Every structure is written in C-alpha cells, then in structure tokens.
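Scroll down for the structure; my scribbles are underneath it.
The values are calculated or read from the model by the stated rules, or taken from the named source; none is laboratory data. Nothing here was measured: the structure is a model prediction, and the numbers come from that model. Here the Cβ is made from the backbone with ideal geometry for all residues, glycine too, and neighbour counts use every protein chain on show.
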Amino acid sequence: MSKIITLIRKDLLLEIRQQYTFYGILLYVASTIFVLYLAMGQPEEKVWNGLFWMIQLFICVNAVAKSFLQESRGRMLYFYSIAGARDFVVSKLLFNAALMLVMSIVSLLLFQLLLGNPVQNPFLFSGIVCLGGCSLSLVFTFLAAIAARAQQNAAMMAIMGFPLIVPQVLLLMRISNAAFSDVIQGGLSQIILLLVALDILVVVLATILFPFLWKD
Amino acid sequence: MRQYWWKIVSIALLVFVFIAGFFIRVPDIGNLQQTIRNLFFHVPMWPGQFTLISVSMVYSVLFLRKPVIRYDIYANEFARTGIVFGILGLVTGAIWANYTWGAPWNNDPKQLGAAIALLIYLAYFVLRNSMTDIDKRGRVAAVYNIFAYCMYVPLTYVLPRMTESLHPGGKGVEGNPGLGGGDLDPTMRIVFWPAVIGWILLGVWITSLRIRLRLIEEKKLTVVR
C-alpha cells in the first residue's frame with residue numbers, strides 16, 4: 001500500500017516539475033471545446049450530451065496516453081524490481097483516474113460556459129461526469145499499457161479503445177439523459193451499479209493481466 | 001474414425017438443415033412469413049461466433065500460463081473464424097431485416113453490438129501484426145484478447161436485455177437476446193438445434209484446417225532457419 005502511495009507521489013511530482021504536459025492537456029481541452037463552440041454555437045440538449053461524451057473520450061486518450069509512454073525501458077525495470085507490477089498498475093490507474101477527474105470537471109465548466117447549459121439536474125450530472133471520467137480513464141490506462149508494450153502511439157489506443165469503450169459510453173449516455181429532465185426515471189440506480197461493476201471488472205482484469213504484459 | 005467422426009456429424013447435420021430448413025412447414029407469424037426459415041442460418045451464427053471466440057480466449061489464457069507458440073496460433077485462428085461467423089451473421093441478418101423491418105440496417109442494439117464486436121476483433125489483428133517479436137506478440141495479443149472478451153460479453157449479452165429492440169428478448173419482451181423465449185415452434189426446434197450444433201462444428205473444422213496450415217508454415221520457417 002505504501003508503495004502505491006509512493007508511486008502516485010512520484011507521478012504527482014513529475015507532473016508538478018514538468019508542468020508543460022498538464023497545461024498542454026488543459027490547453028487541448030480548452031481549444032477543442034472552443035473550436036466546437038465556433039462550429040456548433042449552442043446546440044440542443046441531445047447534441048450537447050453526445051458532444052460532451054465524445055470530447056471526454058478524446059481528452060481521455062490524450063491525457064492517459066503518455067502515462068506509460070513517458071517511462072523508459074530502464075526506468076520500467078527499476079519500478080518493477082522495487083515495487084512489483086501490481087502496485088505499479090494500481091498506482092497508474094489511481095493517478096489517471098484523478099487526472100481525468102480534474103479534466104472532466106474543467107471540460108464540464110467550459111461546456112457550460114461556451115455551449116450553454118441545458119442540464120436540468122446539475123448535481124446529478126456532475127456526479128455522472130466524475131464517475132464517467134474515472135470509468136473512461138480506467139479502460140484507457142490499461143490500453144495505454146498494451147499500446148506502450150507494443151511500441152505503438154496514441155493512434156493504436158484509439159483503434160483498440162473506441163470499440164471497447166462502447167459499453168461504458170452507452171451506459172453513461174443513458175444515465176446522463178436522466179440529468180436532462182426534471183423527472184428521474186426508475187432503474188437509474190441499476191444502471192449506475194452496472195457501470196460501477198464494469199469499472200471493478202476493469203480494475204480486476206488490469207491487476208491480473210498487467211504482470212504478464214511486463215514480464216520479459 | 002475416432003478422429004473425424006464429428007466432421008461426418010457436422011456434414012450430416014448441415015445437409016439435414018439445408019434440406020429440412022427449406023421444406024418443412026413453418027408457422028405463419030406476423031410479417032415474418034417464409035423468411036422465418038432464416039432462423040436456421042442467421043441465428044446459429046451467433047452461438048457459433050460465441051463458441052469460437054470463447055475458445056480463442058481460453059487459448060490466450062493457456063498461452064499466458066505457459067508460453068507455447070502453438071497456443072498463440074490457436075487463439076489467433078479461432079478469433080479469425082469467429083470474425084467470419086460474425087460477418088456471415090451480420091449479412092444474413094441484414095437480408096432478413098430488409099424483408100421484415102424494411103431496411104437492412106436499423107441501428108438495432110444487437111446489430112450495433114455485432115458490428116462493434118467485429119471492430120474489437122479487427123483491432124486484435126492490427127495489434128497482433130504490429131509486433132514482430134514472436135514472444136512479445138503472443139503475450140500482448142493474449143492480454144488484449146482476454147480483456148476484449150470480458151468487455152464484449154456485457155456489451156452483447158447484458159446491455160441488449162435492457163433496451164428496446166426489434167429483435168426478440170429486448171426490454172419488456174420475453175426471451176434471451178437470440179430467441180423469443182419458449183415460443184419456438186416444435187417442428188422448427190427439430191431443425192434449429194441441429195443447425196446450431198452443425199454450424200459450430202463446421203466453424204471448429206474450418207479453424208482446425210487453418211491451424212494445420214499455420215503449423216506447417218511455422219515448421220517450414222524453422223527448418224529453413
């Protein structure tokens with residue numbers, strides 16, 4: 001457990017020392033949403049919802065892709081020998097989930113500012129956005145590990161990730177539709193539980209499969 | 001005989017399915033009319049595809065436990081035949097949908113799920129062929145295969161039950177995602193289950209031929225080296 005915290009702190013320190021990556025992603029978020037605003041103006045709620053989650057997907061690919069690619073082979077071996085593969089992947093999952101949480105909230109604020117605010121139920125929707133950001137980041141973190149291992153770039157992540165993320169995105173769309181109306185439909189908690197169950201499945205799979213990925 | 005009896009069973013079952021499937025008396029249900037005979041060709045593709053990719057996933061697990069190149073080839077070839085079955089299922093479904101739903105593509109949840117499954121497994125081949133080191137290729141592809149399988153199952157076997165669908169077995173409708181519950185006519189059942197078994201066996205047979213070819217190629221390469 002302490003090893004995981006140390007590894008997360010290391011990632012955080014790297015992020016603080018090399019701030020250009022963090023601001024780079026922030027700028028990516030801001031400029032994408034600004035371009036969207038220029039192209040779409042203030043769309044109706046259904047379009048708003050669809051655009052929001054698509055932008056989340058692209059942000060996630062870009063924010064998470066570097067997490068494994070930045071580590072050189074030698075450094076990887078070092079982490080592997082001092083902490084073990086499982087601790088390493090858990091720390092990456094947690095760190096990326098936190099990073100994506102920040103990015104999701106920033107993009108939500110920008111969306112509300114630029115593309116209008118059709119959300120009827122802001123608290124529910126913020127909660128959904130946080131959950132959604134974490135779900136997306138978990139899947140893409142693991143795919144980033146695979147892509148890094150295959151010595152591929154972010155394009156490979158998109159090829160692998162966009163079909164695989166569909167279950168999560170479908171569920172998220174369904175839940176977030178609830179935030180666009182005054183009446184909360186029944187069965188919402190069931191879908192949220194299903195989404196959380198999928199997230200847990202991803203984490204379990206990542207911790208089981210990651211050691212095989214990095215064994216040499 | 002001990003080796004190839006199941007191939008004879010497969011041929012016999014499929015000959016039976018093709019003859020009986022076109023000649024038995026079928027019940028007249030709504031606008032299905034005679035297209036209901038497609039049940040013997042379209043629906044068995046999905047148990048077939050599911051069986052093949054499940055076997056592929058099992059061989060990926062075996063490869064991770066014990067890295068033998070043979071397991072990697074098995075996993076790869078079973079996934080390949082699974083894709084072929086998926087394409088055949090989509091095409092037969094599109095023909096059927098054209099006559100009963102009015103258009104070949106209706107954005108039905110199950111059509112989308114099947115199309116996404118194709119993308120997932122095509123990505124598997126792209127990933128696998130992007131690496132040249134045989135050991136690493138096998139391992140990374142196996143990890144992706146297991147992960148993809150675990151994402152694919154909820155997508156096609158859990159989510160469609162929760163949404164409205166033109167297929168039987170959607171939200172508020174009896175049955176599972178493939179069939180309309182217990183309403184399968186007894187005479188149709190006599191043809192349907194042999195069809196399922198026959199198509200699955202044919203899929204395994206095709207795969208075993210491909211595997212033999214690949215193993216021979218592999219052997220030739222090692223001898224030359």
Can you find a residue in the stretch A:187-196 that is more than 10 Å from chain B (Cβ to nearest Cβ), free of Cβ contacts under 8 Å to residues at least 40 places away in the same chain and within 30 Å of A:Ala83 (Cα to Cα)? no
If you take the residues of the stretch A:45-91 that are at pLDDT below 80 and basic (Lys, Arg), which of them is surrounded by the most Cβ atoms within 10 Å (Cβ to Cβ)? A:Lys66
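Taking the stretch A:39-91, which residues are in a helix (DSSP H, G or I) and farther than 29 Å from A:Val166 by Cβ? If you could, list the steps in order and put the result at the bottom.
At the first step, the residues of the stretch A:39-91 found to be in a helix (DSSP H, G or I) are A:39-40, A:45-69, A:73-83, A:85-91.
Residues satisfying the conditions are A:Arg73, A:Gly74, A:Arg75, A:Met76, A:Leu77, A:Tyr78, A:Phe79, A:Tyr80, A:Ser81, A:Ile82, A:Ala83, A:Asp87.
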Go through the stretch B:78-107 and give me each residue that's outside any helix (DSSP H, G or I) and either in contact with a helix residue (DSSP H, G or I) (Cβ under 8 Å, 6 or more places away or on another chain) or under 22 Å from B:Ser60 (Cα atoms) (or both). B:Ala103, B:Pro104, B:Trp105, B:Asn106
With criteria (1) within 14 Å of another protein chain (Cβ to nearest Cβ); (2) among the aliphatic types (A, V, I, L, M); (3) out of contact with any Asp or Glu (no Cβ under 9 Å at 6 or more places or on another chain), A:Ala148 comes up short on (3)
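Conditions tested, residue by residue: (1) crowded, with 18+ Cβ neighbours inside 10 Å; (2) within 12 Å of chain B (Cβ to nearest Cβ); (3) aliphatic (A, V, I, L, M).
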position: A:Phe123; (1), (2), (3): no, no, no
position: A:Leu131; (1), (2), (3): yes, no, yes
position: A:Asn153; (1), (2), (3): no, yes, no
position: A:Met156; (1), (2), (3): yes, yes, yes
position: A:Pro163; (1), (2), (3): yes, yes, no
position: A:Leu201; (1), (2), (3): no, yes, yes
Name every residue in the stretch B:118-159 that is more than 8 Å from chain A (Cβ to nearest Cβ), touching a Gly at 6+ places or on another chain (Cβ under 6 Å) and surrounded by 20 or more Cβ atoms within 10 Å (Cβ to Cβ), in order of residue number. B:Thr156
